[in-house]
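A.B. asks: Following this message is one structure expressed as structure tokens.
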Amino acid sequence: MTHTGRHAVVIGASIGGLLAARVLSDRYEQVTLLERDSFPAAIEPRKGVPQGRHAHGLHARGRAILDELFPGFTQQMVAQGAVQADISNEIRWYANGGFHQPTPSHLQGLMMSRPGIEEGIRARVLALPNVSAIEQCDVEGIVATPDGGRVTGVRLVRRAEGSAEQVLEADLVVDASGRGSRSPAWLAALGYGQVEEERVKIDMGYTTRYYRRTPEQRAGYVGLAIAGAPPDGRNGVIIAQEGERWVVTLGGYNGDFAPLDPEGFLEFARTMPTPEIYTMIKDAEPITDPVPYRFPANQRRHYERLSRFPEGYMVFGDAICSFNPVYGQGITVAANEALALQACLAEGAQRLGLRFFQAIVPVVDAPWQVAVGNDLQLPHVEGKRTAMGQFISWYIGKVHIAARTDSAVSISFLEVVNMMAPATSLLAPGMLARVIRGNLAQRPAHAAPAPQVAAPAKA
């Protein structure tokens, strides 16, 4: 494969940065990852990824892309304890007052902790002969030509005592430093103006605790998700993880957060819209204390709206857009962006940043609309509520009702959630007819029954 350039530098070695580095390794002679943290020696959360302690998994689309970028990735993770599962048949979905009808499907997800997923990707990336990493370093800024038309490297300081600032030259610099990215300020200093930014403040918080997964529970489903709904938006998920564990994450909004004391955490679970998570954990063996996480706002930076952008520079992943994590979209969006970057690189390095930003507009639009559209149903969330947005929210509620008895409707919805199909597929004539029929025929006795949970046996 023809090399696009000699050296690419990626700021940030979380999942987004790692995926960018994987794609760049095909086109650049050398790729260097710059990371503030030191990589953990074991599979454990790290300081720079505070959300790493909470529930994670891979959507079907994200898992498929990782298998494409890293052949055999799924099998490798399963060998390390991850749980591969049919997202329709082995995970139960509760929304708008009822459970979806489960059925076998083609939607294969991967249940594994965030540290486990990240370590699996990092090991594969750092095993590439032309990829290296500098840990424990801070990037102080970017270096550009006198006219600001091209970025030529970064200024960094290693955290070792006595380290001086150094310049690391590069043909391409990729900012994958996350939602706290300083690219808007760096670009403004070079004369590129302000990057338009959208923020939808949601004041979302969740609390997570791990429990032992017992042998009698392994024969049942491997996850259960409870979608939030107005007025309070309380939500929760329980997912099987490596190490024979359950991870339980309970979420809420506007100060209504699950408490950190064990009794308060359990009581919060008991007051969820459906009691299955509470039933599973009330007699279970906890193996961690509850830990919190707060997410203030959905955030999107519209780099695609800039009329000019420096050569040799681009922004990636959460540094462009970060969503309410309750929808579990972040890793899959980063994986889709990696494929978009791969396609852009195949056309050369000229105007790479602007071409990439345009290419990912549809990649980001769909999950942004899902996250913001759902959050705007909650009365405390500030944002523009359009007639179209209100119709879509109303219609999705009807989709959930039909999905209680019609597994085809459920699978169609899950294909959208898993980014395997566009949201417009839910409005296709055949699907619209099924949703109408499902709502007209709906009777309480016909709804999908609540799953039979297997609580751990008491000692």
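The values are calculated or read from the model by the stated rules, or taken from the named source; none is laboratory data. Predicted model only: the values in this text are computed from it and were never measured. Note that each Cβ is placed from the backbone with ideal geometry, even for glycine, and that neighbours are counted across all protein chains shown.
A.B. asks: Given the conditions (1) touching a residue at least 24 places away in the same chain (Cβ under 8 Å); (2) of a type outside the set (G, A, S); (3) under 23 Å from S88 (Cα atoms); (4) surrounded by fewer than 13 Cβ atoms within 10 Å (Cβ to Cβ), report the number of the one that P379 does not fulfil.
C.D. replies: Condition not satisfied by P379: (3).
A.B. asks: Could you tell me which of the residues L432, L426, L354 is under 30 Å from V315 (Cα atoms) and surrounded by 14 or more Cβ atoms within 10 Å (Cβ to Cβ)?
C.D. replies: The conditions single out L354.
A.B. asks: Right, next: In the range 256-276, what residues are closer than 17 Å to M204 by Cα and surrounded by fewer than 18 Cβ atoms within 10 Å (Cβ to Cβ)?
C.D. replies: Listed by number, the residues that qualify are D256, P259, L260.
A.B. asks: For the range 218-266, which positions are in a loop (DSSP other than H, G, I, E, B), among the aromatic types (F, W, Y) and within 25 Å of I396 (Cα to Cα)?
C.D. replies: Y221
A.B. asks: Residues in the range 343-376 that are over 19 Å from I202 (Cβ atoms) and either assigned to a helix (DSSP H, G or I) or free of Cβ contacts under 8 Å to residues at least 60 places away in the same chain (or both): how many?
C.D. replies: 19
A.B. asks: Can you report the number of residues in the range 160-181 which are in contact (Cβ under 8 Å) with a residue 24 or more places away in the chain and on the phi < 0 side of the Ramachandran plot?
C.D. replies: Residues that pass the stated criteria total 15.
A.B. asks: In this structure, does E44 turn out to be acidic (D, E), under 22 Å from I239 (Cβ atoms) and surrounded by fewer than 23 Cβ atoms within 10 Å (Cβ to Cβ)?
C.D. replies: yes
A.B. asks: Residues of the range 277-306 being of a type outside the set (A, V, I, L, M), buried (at least 16 other Cβ atoms within 10 Å of the Cβ) and closer than 22 Å to G330 by Cβ, which ones?
C.D. replies: Across the range 277-306, the qualifying residues are Y293, F295, N298, Q299, R300, R301, Y303, E304.
So that you can scan it fast, the table gives a plain yes or no per residue for (1) free of Cβ contacts under 8 Å to residues at least 60 places away in the same chain; (2) closer than 23 Å to R159 by Cα; (3) of a type in the set (S, T, Y):
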residue: T2; (1), (2), (3): yes, no, yes
residue: A8; (1), (2), (3): no, yes, no
residue: G17; (1), (2), (3): no, yes, no
residue: R22; (1), (2), (3): no, no, no
residue: S25; (1), (2), (3): no, no, yes
residue: E29; (1), (2), (3): no, no, no
residue: E35; (1), (2), (3): no, yes, no
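A.B. asks: In the range 235-255, which residues are surrounded by fewer than 17 Cβ atoms within 10 Å (Cβ to Cβ) and within 24 Å of P115 (Cα to Cα)?
C.D. replies: G243, E244
A.B. asks: Going through L156, L128 one at a time, which residue ends up being at pLDDT 95 or above, over 19 Å from the mean Cα position of the chain (by Cα), assigned to a loop (DSSP other than H, G, I, E, B) and over 30 Å from Y221 (Cβ atoms)?
C.D. replies: L128
A.B. asks: Sticking with this one: Need pairs with beta-carbon distance below 8 Å; first residue polar (S, T, N, Q) and within the range 281-299, second exposed (fewer than 14 other Cβ atoms within 10 Å of the Cβ); sequence gap 6+ or separate chains.
C.D. replies: Short answer, once both residue conditions are applied: N298/R199; Q299/E197; Q299/R199.
A.B. asks: Out of the range 382-423, which residues are part of a helix (DSSP H, G or I), among the polar types (S, T, N, Q) and surrounded by fewer than 18 Cβ atoms within 10 Å (Cβ to Cβ)?
C.D. replies: Matches in the range 382-423: Q390, S393.
A.B. asks: Among the residues of the range 281-291, are any assigned to a helix (DSSP H, G or I), of a type outside the set (S, T, Y) and farther than 26 Å from Q369 by Cα?
C.D. replies: yes
Residue by residue, here is whether (1) in contact with a helix residue (DSSP H, G or I) (Cβ under 6 Å, 6 or more places away or on another chain); (2) of a type in the set (S, T, Y) holds:
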{"site": "W368", "(1), (2)": "no, no"}
{"site": "A371", "(1), (2)": "yes, no"}
{"site": "W394", "(1), (2)": "no, no"}
{"site": "S410", "(1), (2)": "yes, yes"}
{"site": "T424", "(1), (2)": "no, yes"}
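A.B. asks: Being crowded, with 21+ Cβ neighbours inside 10 Å, within 20 Å of the chain's Cα centre (by Cα) and among the polar types (S, T, N, Q) is the filter; apply it to the range 83-120 and report the residue that is farthest from Y395 (Cα to Cα).
C.D. replies: Looking at residues that are crowded, with 21+ Cβ neighbours inside 10 Å, within 20 Å of the chain's Cα centre (by Cα) and among the polar types (S, T, N, Q), I get S113.
A.B. asks: Looking at the range 224-234, can you tell me whether even one residue there is charged (D, E, K, R), farther than 20 Å from Q51 by Cα and either surrounded by 15 or more Cβ atoms within 10 Å (Cβ to Cβ) or modelled with pLDDT of 95 or more (or both)?
C.D. replies: For the range 224-234, residues charged (D, E, K, R), farther than 20 Å from Q51 by Cα and either surrounded by 15 or more Cβ atoms within 10 Å (Cβ to Cβ) or modelled with pLDDT of 95 or more (or both): present.
Let's see how each residue does on (1) farther than 24 Å from N324 by Cα; (2) surrounded by fewer than 20 Cβ atoms within 10 Å (Cβ to Cβ); (3) among the hydrophobic types (A, V, I, L, M, F, W, C):
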site	(1), (2), (3)
S163	yes, yes, no
V173	yes, no, yes
G178	no, yes, no
R182	no, yes, no
A188	yes, yes, yes
E198	no, yes, no
T207	no, no, no
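Conditions (1) acidic (D, E); (2) in a loop (DSSP other than H, G, I, E, B); (3) under 30 Å from A144 (Cα atoms), marked per residue:
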site: R179; (1), (2), (3): no, yes, yes
site: W186; (1), (2), (3): no, no, yes
site: Q194; (1), (2), (3): no, yes, yes
site: R199; (1), (2), (3): no, no, yes
site: Y206; (1), (2), (3): no, no, no
site: E216; (1), (2), (3): yes, no, no
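A.B. asks: Within the range 435-459, work out how many residues are modelled with pLDDT of 90 or more, surrounded by 10 or more Cβ atoms within 10 Å (Cβ to Cβ) and either within 30 Å of P215 (Cα to Cα) or of a type in the set (A, V, I, L, M, F, W, C) (or both).
C.D. replies: Number satisfying all stated conditions: 2.
A.B. asks: Give, as residue ranges, the strands (runs of 3 or more DSSP E) completely inside the range 1-119 that count at least 1 residues that are within 30 Å of G312 (Cβ to Cβ) and among the basic types (K, R).
C.D. replies: Hits in the range 1-119: 5-11.
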